[in-house]
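**Q** Here you go, one structure.
The values are calculated or read from the model by the stated rules, or taken from the named source; none is laboratory data. Note that this is a predicted model, so its numbers are computed, not measured. Ideal geometry is used to build each Cβ from the backbone, glycine not excepted, and the neighbour counts take in all protein chains shown. Side chains included, ligands, DNA and RNA excluded: accessible areas come from the protein's heavy atoms. Shrake-Rupley method; radii C 1.70, N 1.55, O 1.52, S 1.80 Å.
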Amino acid sequence: MFFVSLLAALAATPQTQHPSRALALELSQSPRLAGTIGSRTGASLVARWLEEAGWLIELDEREVLLCYPRRSSLAVFVDAGSQTPIFDTETRFDPDAIPPGDVPLYSAWSASGLVRAPVIDVGQGLRPDYETLVRSGISPRGCIALVRYGGSYRGCKVELADEFGCVGVLLYSDPASDGAAKGPTWPSGPWKPDHEAQRGSIYSVSRAPGDPSTPGWPSQAPGKTAKRLEGEALARALPRLPCTPIGARAAAQIQTHLALARVTSSDGLTSQQQAIGPGPVEVRLELDVPRTLRPIVNVIARLPGTADTLVLAGNHRDAWVRGMHDAGSGTVSLVRAAQQLGARARTGWKPRHTLVLGFWDAEEFGLIGSTEWAEAHAQTLRQQALVYINADALVSGLKFGASGTPGMFGALERSLERVMFEPPSGDEAAAGMPSGSIADEWRARRDRSGFAGDLPGSGSDFAVFLHHLGIPVIDLSFHGNGGGQYHTSFDDFGMVDRFLDPGWHGHELAGRMLTQLLGDLADDPVAGFDAREASATCAELAREAEKDARFQAQATVLERLVKAATELASALERAAPAMSGPEFFAVLSAPGGLAGREWFTNRLWAPGLETGYASETWPSLAAALRNGQAQFEHEVSSLTIP
């Protein structure tokens with residue numbers, strides 16, 4: 001199917017061969033699952049491109065814990081105790097196969113085991129969903145939870161299912177969100193067919209991302225002795241339930257039979273209980289997902305500057321399958337920037353700060369490659385790194401978006417004003433491209449003159465730089481074209497070529513934008529950081545804390561927080577802002593880490609424990625409040641020291 005759709009894409013699209021299109025075609029020829037030959041081949045390819053562009057290359061090899069679905073079996077029975085399933089499936093996977101094959105549907109870090117139990121539909125599997133069940137007198141204990149994607153990171157869904165006593169989890173996507181209800185499905189259109197599903201990790205990235213066996217310290221190169229968690233300590237760090245994604249078709253069959261069972265039920269349940277409770281439908285789920293040490297490789301590229309300070313950028317090179325959007329689009333765009341910056345260097349330009357590009361491995365398993373590399377170089381990075389720019393699933397259209405650290409948006413705006421939309425004349429694929437600069441387009445769409453961005457939570461490689469090391473970050477994207485390709489086998493060249501970025505103008509635009517931004521930051525004394533902008537945002541966050549439902553009973557104490565943050569902003573407004581981003585955020589870092597998740601040190605915001613990707617502000621205040629009034633007041637006092 002992949003080669004059929006690829007040939008169709010090549011035949012159906014204009015053959016304007018932008019450099020981005022040529023790179024993408026070569027990159028996406030085979031799967032790039034971390035720890036397999038496909039990923040190593042991708043690393044060699046990217047390293048060659050960067051070396052040809054004039055960058056100094058290092059292949060950073062590490063041995064980390066990974067897992068693959070050696071065998072997966074799922075059967076659904078409409079009657080309790082029945083031995084005749086209405087459907088059953090079985091898949092197997094060999095990570096050492098050559099050539100590498102597509103990994104079947106699975107949830108990385110799922111527990112292995114065999115379970116047969118009744119199914120219960122728990123909606124999105126958020127805490128309110130379970131609380132509704134419990135209030136209705138229905139216990140999910142002992143059931144397999146049918147959980148719809150959305151509302152939180154998939155790993156949070158599995159944690160909550162475990163907390164409420166479920167014995168397994170089935171994850172599926174609602175066709176209304178990314179399937180047939182949105183339009184034609186692949187290969188006729190960009191939306192998800194009902195047999196496909198979203199692969200993904202269920203490891204708790206909001207507690208300690210990276211190699212689960214080395215939390216807080218780096219994994220070593222293959223062959224070197226490394227300290228690792230083992231036995232019960234490792235088991236406590238990993239999910240305890242068997243979990244697998246299923247297609248919308250399978251989920252609909254389960255829901256249909258649950259509904260039929262409720263209609264014919266005469267057991268006296270209320271109408272509300274019948275609407276949400278478990279029925280006689282049972283699932284037999286057997287998973288063999290061994291956890292083994294495997295080699296990964298980060299590709300690190302350097303363009304030396306005149307100082308030993310660093311401006312960093314990166315994205316992940318691995319993918320669940322071919323991953324042309326996630327994150328091949330970031331890889332291609334960052335390589336294009338490397339080529340253009342390398343060409344500038346050959347004309348005599350030498351940046352003030354050394355530029356470092358990281359093409360990370362094993363991000364999909366839990367931000368492993370970037371985390372292990374940064375932990376290994378933590379001391380150097382704390383002393384020398386000024387900013388990290390992230391370019392993950394970067395391009396699916398021409399609409400710009402960004403999240404990032406307060407203090408970096410002024411510099412971003414200045415760079416975006418210098419990057420213009422430049423549609424090639426006579427190129428039909430460029431019809432409808434905006435005019436003016438990227439900054440103009442973003443301002444017009446947001447209907448505001450100033451720049452502001454969301455606070456990045458987790459789910460991508462910026463996490464270790466922002467939340468562990470206290471380095472400012474900017475996370476970038478170009479969007480606008482939709483599809484259901486996320487973590488599927490059809491996130492491939494044809495998908496991007498036909499639907500997400502026809503004409504490849506978005507990739508070329510992203511490459512020029514990264515070139516401009518990285519060049520500007522590399523030449524700026526403090527890499528674009530504005531302490532006054534950052535302090536003003538901190539004061540705003542403090543004022544918002546007064547309205548936060550979590551802290552409404554603490555108005556008197558919070559007045560001190562607002563007052564101190566406002567005074568800090570005023571003091572910096574009067575002073576010449578010569579401090580770097582890491583120096584500024586060191587003031588607001590937690591030296592011993594956040595309570596219960598010590599890997600995270602950022603006290604201004606962190607990924608939510610029950611949302612995963614999204615951020616929550618003042619996490620240390622929330623944790624302190626759970627431990628009582630005295631602890632809360634102590635935490636406020638520690639935060640108000642300028």
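**Q** Does Asp548 qualify as being within 24 Å of Ala378 (Cα to Cα), over 25 Å from the mean Cα position of the chain (by Cα) and of a type in the set (Asp, Glu)?
**A** Against the criterion (within 24 Å of Ala378 (Cα to Cα), over 25 Å from the mean Cα position of the chain (by Cα) and of a type in the set (Asp, Glu)), Asp548 does not qualify.
**Q** For Ala197, which of the numbered conditions (1) open to solvent by 40 Å² or more (accessible area, probe 1.4 Å); (2) within 24 Å of Pro239 (Cα to Cα) fails to hold?
**A** Against the list (1) open to solvent by 40 Å² or more (accessible area, probe 1.4 Å); (2) within 24 Å of Pro239 (Cα to Cα), Ala197 comes up short only on (1).
**Q** Continuing with this model, one more query. With respect to the numbered conditions (1) under 17 Å from His467 (Cα atoms); (2) surrounded by 21 or more Cβ atoms within 10 Å (Cβ to Cβ), which one is the sole condition not fulfilled by Val636?
**A** (1) is the only condition that Val636 fails.
**Q** Based on this model, can you work out whether Arg498 counts as under 19 Å from Glu26 (Cβ atoms), in a helix (DSSP H, G or I), open to solvent by 10 Å² or more (accessible area, probe 1.4 Å) and not aliphatic (A, V, I, L, M)?
**A** Numbers: under 19 Å from Glu26 (Cβ atoms): yes; in a helix (DSSP H, G or I): yes; open to solvent by 10 Å² or more (accessible area, probe 1.4 Å): yes; not aliphatic (A, V, I, L, M): yes.
It is true that Arg498 is under 19 Å from Glu26 (Cβ atoms), in a helix (DSSP H, G or I), open to solvent by 10 Å² or more (accessible area, probe 1.4 Å) and not aliphatic (A, V, I, L, M).
**Q** Of everything in segment 29-83, what is open to solvent by 20 Å² or more (accessible area, probe 1.4 Å), closer than 30 Å to Arg284 by Cβ and within 28 Å of the chain's Cα centre (by Cα)? Give them in sequence order.
**A** Listed by number, the residues that qualify are Arg70, Arg71.
**Q** Also, quick follow-up: Those residues that are among the β-branched types (Val, Ile, Thr) and not in a loop (DSSP other than H, G, I, E, B), I need them from segment 586-642; list them, please.
**A** Once the filter is applied, which keeps residues that are among the β-branched types (Val, Ile, Thr) and not in a loop (DSSP other than H, G, I, E, B), segment 586-642 yields Thr617, Val636.
**Q** I need the full set of residues from segment 189-245 which are among the β-branched types (Val, Ile, Thr) and over 20 Å from Glu375 (Cα atoms), in order please.
**A** First pass over segment 189-245, keeping only residues among the β-branched types (Val, Ile, Thr): 202, 205, 214, 225, 244.
Result: Ile202, Thr244.
**Q** I'd like to check which strands (runs of 3 or more DSSP E) are fully inside segment 236-308 and have at least 1 residues that are closer than 21 Å to Pro118 by Cβ and at pLDDT 90 or above.
**A** Output list reads 243-245, 282-288.
**Q** Considering only segment 366-392, state which residues are assigned to a helix (DSSP H, G or I), open to solvent by less than 10 Å² (accessible area, probe 1.4 Å) and over 16 Å from Gln220 (Cα atoms).
**A** Scanning segment 366-392 gives a single hit, Leu381.
**Q** Scan (1) surrounded by 24 or more Cβ atoms within 10 Å (Cβ to Cβ); (2) of a type in the set (Gly, Ala, Ser); (3) assigned to a loop (DSSP other than H, G, I, E, B) for the single condition Gly348 breaks and write down its number.
**A** (1)
**Q** When Phe551 is evaluated against the numbered criteria (1) in a helix (DSSP H, G or I); (2) more than 30 Å from Ala313 (Cβ to Cβ); (3) at pLDDT 85 or above, which criterion, by number, is the only one it fails?
**A** If we test Phe551 against (1) in a helix (DSSP H, G or I); (2) more than 30 Å from Ala313 (Cβ to Cβ); (3) at pLDDT 85 or above, just (3) comes out false.
**Q** Among the residues of segment 309-345, write down those that are open to solvent by 10 Å² or more (accessible area, probe 1.4 Å), of a type outside the set (A, V, I, L, M), in contact with a Leu (Cβ under 8 Å, 6 or more places away or on another chain) and part of a helix (DSSP H, G or I).
**A** Hit for segment 309-345 is Arg336, nothing else.
**Q** Of the residues Gly165, Gly183, Gly137, Gly142, which is at positive phi, surrounded by fewer than 24 Cβ atoms within 10 Å (Cβ to Cβ) and touching a Gly at 6+ places or on another chain (Cβ under 6 Å)?
**A** Exactly one residue qualifies, and that residue is Gly183.
**Q** Related question: Would you be able to tell me the number of residues in segment 454-469 that are of a type outside the set (D, E, K, R) and either modelled with pLDDT under 95 or in contact with a Gly (Cβ under 8 Å, 6 or more places away or on another chain) (or both)?
**A** Counting residues in segment 454-469 that are of a type outside the set (D, E, K, R) and either modelled with pLDDT under 95 or in contact with a Gly (Cβ under 8 Å, 6 or more places away or on another chain) (or both) gives 6.
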